[in-house]
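Please read the structure below before turning to the comments.
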Amino acid sequence: MRADGDQYASEEPVTPSDPWNASGSAAAETPADVPEDTKVDKPAPGPVAAFFALVRELALVLVIALGLSLLIKTFLVQAFFIPSPSMENTLLTGDRVLVSKLTPGPFDLHRGDIVVFQDPGGWLGDSTAVPAGRVHQALSFVGLVPSNSDDHLIKRVIGLPGDTVACCDDQGRVTVNGVPIDEPYLYPGDEPSEKTFSVTVPAGHIWVLGDHRSVSQDSRYHPDINNGMVPEDNIVGRAFVNVWPLDRFSLLRNPSSTFVNVPAP
């Protein structure tokens, strides 16, 4: 209190009751001041946009699947169609087999393995096979359907590099490095060979026979073409499973006991 009885006026903070503050400017509006019912959600895509989005996703999945199939076919596994009876009864005409491209390569080739190889030259003669359609060729190229074996053959390895393969001993059996072999996979009633022969397999080659000996045009029948030898570079791989028809699904196991007593060359 002053002596003259007047009081000092107390300074109270300005609390505006309207959108204008004490300085006369408009107050900043924050997102929290916006009523919930005035917020706008992003509209859902229409049916046409959703359809095209689905098509894009399916196309991407298809491209990835085709790429993986091509890589698998090129470096790992390829399917082949059996066109002839030369491997009966192990494989029948129309069977589909999977061939591992890791043999030969990371895995060694063994006597008794069943291999698919490209014609060394003249084994198939003049092919009369009907060319596959473009769709089949395209699907075969990426590995989605079995390859036609128009220029490939499938046989069993009997001789490896350095081996001497001959026929026949006193009991009519094939011998490898002088040891006769008993072949449980032979077609019933077939002889090991109607032809006599004696060959030594050079380095980088193999010597092959079909299981159905009486109808198989194998190494025995091409002495004028590199003495019936198949270059290892022509080998596509080792057949390891018969996948079709389903009732014939089976692993193509190596008959290791057949060659167990054969010495190294």
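Only the coordinates and a few stated rules stand behind these numbers; no lab work does. Since the model is a prediction, treat every value here as computed from it, not as a measurement. Neighbour counts run over all protein chains shown; Cβ positions are idealised from the backbone, glycine included.
One table, with the values for the structure above:
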read-out	value
Cα-based shape type of region 189-252, given that a ≥ b ≥ c are square roots of the gyration tensor eigenvalues and the cut on a/c is 1.5	oblate
Simple Cβ-charge dipole of region 79-259, Lys/Arg +1 and Asp/Glu -1, about Cα centre, in debye nearest 20	500 debye
Relative exposure of K195, K101, K155, judged by other C-beta atoms within 10 Å (fewest first)	K195, K101, K155
Pairwise label distance in nanometres, A59 with V179, each label 7 Å out on the Cα-Cβ vector	6.1 nm
Proportion of all alpha-carbon pairs of region 79-259 beyond 27 Å (%)	23 percent
